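The values are calculated or read from the model by the stated rules, or taken from the named source; none is laboratory data. Bear in mind the structure is a predicted one, so any value in this text is a computation, not a measurement. FYI the Cβ positions are ideal-geometry reconstructions off the backbone, even for glycines, and counts take in every protein chain you see.
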Amino acid sequence: MFFRMVFGTFVRQWKKMLMIAFTIALGASLATAMLSVMLDVGDKVNQELKAYGANITVVPKQSSVLDDLYEIEGGQSTGTYLREDELGKIKTIFWAFNIVDYAPFISARATLDDGSEVTVVGSWFNHHMDLPTGEQLDAGMNSLRSWWEIKEGAWLNEQTAENENMAMVGVELADKLDLHVGDPVHVIGTVQDATYTVAGIFDAGGDEDGQIFVPLDSAQALDDLDGCIDSIEVSALTTPDNELAQKAAKDPGSLSISQYETWYCTAYVSSICFQIQEVITDSVASAVRQVADSEGEILEKTELLMLLITILSMIGAALGICNLVTASVMERSSEIGLMKAIGAHNGAVTGLVLTEIIITAIIGGCVGFVVGAGFAQIIGQTVFSSSITIQPMVIPLVAVLVVLVTLIGSMPAVRMLLHLEPAEVLHGR
Amino acid sequence: MSLLELKNVYKIYGDLHALDDVNLKVEKGEWLAIMGPSGSGKSTMMNIIGCMDKPSKGEVLLDGVNIAAESAKNLTNIRRDKIGLIFQQFHLVNYLTAVENVMLAQYYHSIPDEKEALEALERVGLADRAKHLPSQLSGGEQQRVCVARALINHPEIILADEPTGNLDDANEEIVVELFRKLHEEGTTLIVVTHDPEVAETAQRMVVLRNGKISKETVNENFTGHIRFH
Ligand SMILES: Nc1ncnc2c1ncn2[C@@H]1O[C@H](COP(=O)(O)OP(=O)(O)O)[C@@H](O)[C@H]1O
Ligand SMILES: [Mg+2]
């Protein structure tokens with residue numbers, strides 16, 4: 001009988017019920033999309049920020065000072081260099097295990113056959129190291145620049161191409177010179193000239209697209225700079241900064257001994273920088289975390305925005321439900337009055353109406369969830385260009401939100417039900 | 001002891017006395033008609049007797065229990081167990097069939113029993129209309145479904161507020177005939193009407209005016225059959 005009546009309501013008030021389901025579906029889909037994106041992209045982007053890209057650069061002391069004074073673009077030679085033979089020491093510092101990747105850089109100004117200038121950068125690609133600790137590490141551009149899009153060919157493999165002069169060419173330069181994989185490029189350095197074979201063409205989306213990347217020694221040979229490097233990029237896992245770290249970053253000398261020890265033995269980016277400076281002669285190591293930090297901040301703000309949208313959509317849904325359910329109950333007031341007149345208690349009537357609405361909410365919620373999962377993919381692809389995995393946590397969260405919003409939205413209608421007097425509605429006065 | 005007794009009952013809205021010191025006794029098995037012009041307080045009295053409203057002052061004894069002092073929850077139970085209601089506007093649930101409408105009263109009373117519900121429909125001559133929706137029934141047929149619904153739980157009193165107000169003469173006669181049968185079976189009937197022909201079929205008639213009982217007559221030649229003038 002109960003279900004016959006619930007069913008009857010759906011048949012008779014299907015338009016209203018559809019509207020209620022639609023309202024709930026709308027709210028649920030927004031909540032699903034926002035929560036999915038929030039829970040998934042947040043993690044993903046944070047992981048990416050940690051996993052890729054350098055967060056510390058090391059440059060010669062003088063170069064750093066000059067850079068600061070004259071704001072000279074990085075990469076331009078200032079006559080002072082770091083020493084290649086000290087590179088291994090980076091893996092001997094206190095926080096060596098937190099150094100996941102690093103690569104040295106040397107840039108040489110060279111001339112192409114047509115007389116135009118080109119920057120040839122020497123670095124490591126998949127540089128293999130046997131560390132004094134017995135550990136082995138493959139470090140270099142292949143992982144440090146993993147976001148490069150390889151348009152043609154593949155990453156240069158240092159280990160198999162040891163005796164060949166291979167190069168990675170930026171997509172802009174390759175277009176200009178009409179270069180393809182396997183083609184030779186001839187460059188003239190200040191001391192020597194060289195002919196490289198194109199191993200791969202990359203799109204980095206920046207200045208690097210106009211440059212040539214070659215193994216470290218090839219670039220050094222062009223300018224006769226054996227054993228010299230311009231800079232080192234280091235990717236390290238770090239602990240988020242706190243007050244102590246900020247104070248130390250300004251001047252480690254200002255710390256008390258115990259503060260200094262705490263700081264030195266924590267993987268703050270500033271303490272790792274400090275330790276790198278200790279092992280690399282005449283160097284300045286500094287954090288390039290600002291980029292990552294501001295990205296993290298934007299992400300946080302985006303998450304806040306999404307949370308706000310979720311809350312607003314839920315409030316909107318609650319208001320919509322409130323209107324629709326109240327209208328539905330009002331339309332049925334004489335029917336409900338009659339039920340009360342023939343002996344239905346408040347609990348029975350409320351139960352009936354809430355059952356109808358909860359069933360509607362479940363249907364609307366499920367549809368909304370599916371649509372919202374789709375939304376999440378669209379948002380993921382267009383905004384964050386990554387697909388979104390729906391975290392299992394989203395399902396109970398959305399379910400709880402839907403039930404809560406439905407119940408809150410139904411409150412005024414339930415109040416009306418409780419106060420509805422059969423005598424008021426049954427005798428047409 | 002009377003089945004129903006109203007003692008000095010008042011119902012006051014602001015300074016309007018919808019019921020003004022009403023005293024009335026109804027014996028078990030009696031068939032009573034209540035007459036009066038519109039606004040005289042007939043529905044107000046029916047609501048109080050039917051446990052859907054409480055008097056402002058006074059006592060209403062039903063089976064010796066003062067229902068004026070009961071809680072809303074108890075009133076619902078008393079109404080469910082002792083009273084069958086019939087309204088002018090029928091008030092059938094329009095997505096339930098005739099038999100389901102009867103079963104609805106069983107559902108809120110105890111448990112639905114389709115066989116019993118069909119028997120009730122048979123008593124009002126609607127066995128062949130059991131599976132019809134209210135919209136597929138004539139006004140008279142709808143009111144007969146309401147009678148079946150009112151009697152399904154064997155109430156002590158059947159209260160009918162203008163039961164024939166929306167019916168033509170032929171259907172009026174059929175409904176009155178049903179009342180006569182119920183009366184013969186010993187059911188107490190209180191029928192509100194402003195139609196003298198319907199009122200004259202009852203054993204006793206009370207006339208309300210401005211919330212007061214202005215006249216009480218006993219029908220000397222009571223037959224239970226309607227006579228059209
Ligand atoms: N809830 C109410 N609030 C105010 N006045 C009411 C209310 N119910 C009934 N009345 C008034 O009480 C009087 C009697 O009404 P009612 O019992 O419905 O008359 P009737 O004899 O036509 O059935 C009328 O004047 C009506 O306006
Ligand atoms: Mg009335």
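Some notes on this structure:
- Single residue of A:S235, A:S271, A:S258 found to be among the polar types (S, T, N, Q), outside any helix (DSSP H, G or I) and more than 30 Å from A:T195 (Cβ to Cβ): A:S235
For (1) of a type in the set (G, A, S); (2) within 14 Å of another protein chain (Cβ to nearest Cβ); (3) assigned to a loop (DSSP other than H, G, I, E, B); (4) within 16 Å of ligand 2 (Cβ to nearest atom), each residue gets a yes or a no:
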site	(1), (2), (3), (4)
B:S135	yes, yes, no, no
B:G140	yes, no, no, no
B:R149	no, yes, no, no
B:H154	no, yes, yes, no
B:I158	no, yes, no, no
B:P163	no, yes, yes, yes
B:N166	no, yes, yes, yes
B:I174	no, no, no, no
B:L182	no, no, no, no
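- Applying the set (1) crowded, with 16+ Cβ neighbours inside 10 Å; (2) farther than 25 Å from B:H109 by Cα to B:D169 leaves exactly one unmet item: (1).
- One residue stands out in region A:385-403 among those that are at negative phi and without any contact (Cβ under 8 Å) to a residue 60 or more places away in the chain: the one that is nearest to ligand 1 (Cβ to nearest atom), namely A:V403.
- Checked against the criteria, B:T164 counts as touching an Asp or Glu at 6+ places or on another chain (Cβ under 7 Å), farther than 24 Å from B:N23 by Cα and either crowded, with 22+ Cβ neighbours inside 10 Å or at pLDDT 90 or above (or both).
- Complete set of residues in region A:329-339 that are more than 7 Å from every other protein chain (Cβ to nearest Cβ) and within 22 Å of B:L159 (Cβ to Cβ): A:S333, A:I336, A:G337
Quick grid of which residues meet (1) aliphatic (A, V, I, L, M); (2) within 16 Å of ligand 2 (Cβ to nearest atom):
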residue	(1), (2)
A:S334	no, yes
A:L338	yes, no
A:V367	yes, no
A:A376	yes, no
A:T382	no, no
A:V400	yes, no
A:P412	no, no
A:H419	no, no
A:P422	no, yes
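- Filter result (surrounded by 15 or more Cβ atoms within 10 Å (Cβ to Cβ), within 15 Å of ligand 1 (Cβ to nearest atom) and not β-branched (V, I, T)) within region B:7-20: B:Y10, B:K11, B:H17, B:A18, B:L19, B:D20
- Residues being of a type in the set (G, A, S), part of a loop (DSSP other than H, G, I, E, B) and either within 13 Å of chain A (Cβ to nearest Cβ) or closer than 16 Å to B:F90 by Cα (or both) - total across region B:104-129: 1
- Comparison of A:M306, A:M339 shows that the only residue that is surrounded by 15 or more Cβ atoms within 10 Å (Cβ to Cβ) and free of Cβ contacts under 8 Å to residues at least 24 places away in the same chain is A:M339.
- Subset tally (residues that are more than 12 Å from ligand 2 (Cβ to nearest atom) and touching a Pro at 6+ places or on another chain (Cβ under 9 Å)) for region B:35-49: 1
- Residue satisfying all of: in region A:268-291; of a type in the set (A, V, I, L, M) and surrounded by fewer than 19 Cβ atoms within 10 Å (Cβ to Cβ); modelled with the lowest pLDDT among these: A:V291
- Remark: A:G372 matches the filter, which requires a residue to be in the same structural domain as A:L420 (by TED's automatic domain parsing) and modelled with pLDDT of 90 or more.
- Just one residue in the set A:I359, A:I378, A:I388, A:I395 is within 22 Å of A:G316 (Cβ to Cβ) and buried (at least 16 other Cβ atoms within 10 Å of the Cβ); that residue is A:I359.
- The set of residues in region B:184-227 being at negative phi, more than 16 Å from ligand 2 (Cβ to nearest atom), in a loop (DSSP other than H, G, I, E, B) and in contact with a helix residue (DSSP H, G or I) (Cβ under 6 Å, 6 or more places away or on another chain) consists of B:T201, B:I226.
- Checked against (1) crowded, with 21+ Cβ neighbours inside 10 Å; (2) away from chain A (no Cβ under 12 Å); (3) in contact with a strand residue (DSSP E or B) (Cβ under 8 Å, 6 or more places away or on another chain), B:N66 meets all criteria but (1).
- Here B:S43, B:S56 are screened, and the one residue that is within 13 Å of ligand 1 (Cβ to nearest atom) and crowded, with 18+ Cβ neighbours inside 10 Å is B:S43.
- So B:P155, is it over 18 Å from B:E100 (Cα atoms) and crowded, with 20+ Cβ neighbours inside 10 Å: yes
- Of the residues making up region B:7-15, one or more are within 16 Å of ligand 2 (Cβ to nearest atom) and more than 29 Å from B:V176 (Cα to Cα).
- When residues of region B:81-117 are limited to those that are among the β-branched types (V, I, T) and more than 16 Å from ligand 2 (Cβ to nearest atom), the one farthest from B:D63 (Cα to Cα): B:T97
- For B:M35: the one exception among (1) more than 15 Å from ligand 1 (Cβ to nearest atom); (2) away from chain A (no Cβ under 13 Å); (3) under 24 Å from B:R204 (Cα atoms): (1)
- Some residue of region B:164-185 being away from ligand 1 (no atom under 16 Å from the Cβ), over 16 Å from the mean Cα position of the chain (by Cα) and closer than 17 Å to B:E100 by Cα: no
- Condition broken by B:D53, with the remaining ones in (1) under 18 Å from the mean Cα position of the chain (by Cα); (2) away from chain A (no Cβ under 13 Å); (3) modelled with pLDDT under 95 satisfied: (2)
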